[in-house]
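J.: Here it is: the structure, laid out below.
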Amino acid sequence: MNIIGLGNCGCNIAQLFAQYPQYNLYLFDSEERKDGYIIPPQNTIEEYENNFPEEKVRQALQNFYGDALLILSSAGKIAGATLRLASLLHNPTVALVLEDPQILTAHSAARERCIAGVLQEYARSGCFKKIILIRNSTLAELLGGIPIAKYHEFINKYIVNCLHMINIFEHTRPIIGNWSEPVESARIWTFGTTPFEPLSHSGVFEIAHARQIDFYFGIPQIQLESDGALLGKIKKSLQKTGQHATYRVYSTQYDEPIIYFMASTNLIQDV
C-alpha cells in the first residue's frame, strides 16, 4: 500500500508508517523534509490548487502503483492541493484530520467546513474509494490526559496503529465472522477501538447515521483455544449495539483482546 502525506500534519502521520514494511511513502509539503517533495508555498488554498506543480508531482509518483491512502489536515492552506494530487492517484482513500473547533478562528472554521464538505462529496461520487474522518479533539478525549508536549505524538501514533492493524486484518483471513462487502453508497468512514462490553462505535469522529459497522476482534490465541463461551459473548455484544454490524475474529499474540472497528455512512457529516 502507498501512504501519501500532504502538508505538515499529513507527512508527520505518514512517516510513522515507515516502521512497517507493508508501505511505500510519498511526502509532499511546502517545507523541505527528508525524502520529501516540495510543493511551493502559496498564500491561499486557491493558489495551492491553481499553481499545483503537476508535472513535478507526476514525476515523483512515477513508480507509484496500487492502493493509496492520502493523509492531510483541514488546517493547512496546502489542503487546496488535495484534488489535484488525488487526480494523479488511482481511486485513493483520503484520511482527513479535523482540528479542535475550540481553537479555530472563524475563517479557519469556514475553510475546514469547505474542505470537508467538498472532499466528502467527491467520496460520495466515487472519485475516492472512501474518506476517513478524524477529529483531533475527539481522539484526545478518547485517549484522555495527553501531555501538551506530546499531544500530536500520541494522537498520530493512535491513528497509525489503528489504520495499520485494520489494514493487516483486512488482508488476513479471519478464523470466523459474518463480514460482507461494504455498502457501496456508504463512503464516509471513521474508526477506533472499543471495549468488549459494551461494544461502541464512538471513535475518532462522532459519525451520525452509521449504515454499517465492522468490528475486528483480535483475540489471544490461547483464549481462542480455551474459551468455549467466547463466540456467544461476541454475538451477544453485537446484538446489544442495535446496529447493522459485522464481525471478524483473528488470532493475535497480545495478552488481552483488542477490538477495532470501522463505521460508515452515506450522509455528509457536519464538521
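J.: If residue 22 meets every condition in (1) buried (at least 18 other Cβ atoms within 10 Å of the Cβ); (2) among the polar types (S, T, N, Q); (3) in contact (Cβ under 8 Å) with a residue 60 or more places away in the chain apart from one, which number is that one?
T.: (1)
J.: Another one. So, of the residues in region 130-148 that are more than 15 Å from residue 162 (Cβ to Cβ) and β-branched (Val, Ile, Thr), which turns out to be surrounded by the fewest Cβ atoms within 10 Å (Cβ to Cβ)?
T.: Checking each candidate, the answer is 148.
J.: Continuing with this model, one more query. For region 241-258, enumerate the residues that are within 16 Å of residue 172 (Cβ to Cβ), without any contact (Cβ under 8 Å) to a residue 60 or more places away in the chain and not β-branched (Val, Ile, Thr).
T.: 253, 254
J.: Count, please, the residues in region 92-149 that happen to be charged (D, E, K, R), part of a helix (DSSP H, G or I) and either in contact with an Asp or Glu (Cβ under 6 Å, 6 or more places away or on another chain) or farther than 15 Å from residue 266 by Cα (or both).
T.: 4
J.: Now for a separate question. Would you pick out the residues in region 170-198 that are of a type in the set (Ser, Thr, Tyr) and surrounded by 15 or more Cβ atoms within 10 Å (Cβ to Cβ)?
T.: Applying the first criterion (of a type in the set (Ser, Thr, Tyr)) to region 170-198 yields 172, 180, 185, 190, 193-194.
Within region 170-198, 190, 193, 194 qualify.
J.: Take the residues of region 253-271 that are surrounded by 18 or more Cβ atoms within 10 Å (Cβ to Cβ) and of a type in the set (Ser, Thr, Tyr): which is nearest to residue 224 (Cα to Cα)?
T.: 260
J.: From the list 99, 54, 46, exactly one residue is assigned by TED's automatic domain parsing to the domain that holds residue 154, surrounded by 14 or more Cβ atoms within 10 Å (Cβ to Cβ) and closer than 26 Å to residue 126 by Cα. Which is it?
T.: Within the list 99, 54, 46, the selection yields 99.
J.: Hey, another quick one. Just to be sure before I move on: is residue 195 in contact (Cβ under 8 Å) with a residue 24 or more places away in the chain, of a type outside the set (Ser, Thr, Tyr) and touching an Asp or Glu at 6+ places or on another chain (Cβ under 7 Å) in the structure I sent? Before you say what the answer is, go through the steps one by one.
T.: Numbers: in contact (Cβ under 8 Å) with a residue 24 or more places away in the chain: yes; of a type outside the set (Ser, Thr, Tyr): yes; touching an Asp or Glu at 6+ places or on another chain (Cβ under 7 Å): no.
Taking the combined requirement at face value, the residue does not satisfy it.
J.: Mind checking which residues of region 248-268 are touching a helix residue (DSSP H, G or I) at 6+ places or on another chain (Cβ under 6 Å) and among the aromatic types (Phe, Trp, Tyr)?
T.: 250, 260
J.: From (1) closer than 20 Å to residue 127 by Cα; (2) under 22 Å from the mean Cα position of the chain (by Cα); (3) not acidic (Asp, Glu), pick out the condition that doesn't hold for residue 104.
T.: The one condition residue 104 does not meet is (1).
J.: Just a yes or no: is a residue in region 59-81 acidic (Asp, Glu) and more than 16 Å from the chain's Cα centre (by Cα)?
T.: no
J.: In addition: Regarding residue 42, is this residue of a type outside the set (D, E, K, R) and touching a residue at least 40 places away in the same chain (Cβ under 8 Å)? Walk me through it before giving the result.
T.: Values: of a type outside the set (D, E, K, R): yes; touching a residue at least 40 places away in the same chain (Cβ under 8 Å): no.
The answer is no for residue 42.
J.: Still on this structure: Can you find a residue that is of a type in the set (A, V, I, L, M), closer than 25 Å to residue 142 by Cβ and in a strand (DSSP E or B) anywhere in region 161-183?
T.: No, that holds for no residue.
J.: Limited to region 68-86, what total is found for residues that are in a loop (DSSP other than H, G, I, E, B) and either of a type in the set (A, V, I, L, M, F, W, C) or at pLDDT 95 or above (or both)?
T.: If we filter region 68-86 for residues that are in a loop (DSSP other than H, G, I, E, B), which is where we start, we get 74-76.
From the residues that got through so far, the ones that are either of a type in the set (A, V, I, L, M, F, W, C) or at pLDDT 95 or above (or both) too are 75.
Looking only at that region, the number is 1.
The values are calculated or read from the model by the stated rules, or taken from the named source; none is laboratory data. Predicted model, so just to flag it, every value in this text is computed and none were measured. Every residue, glycine among them, receives a Cβ derived from its backbone with ideal geometry; neighbour counts consider all protein chains shown.
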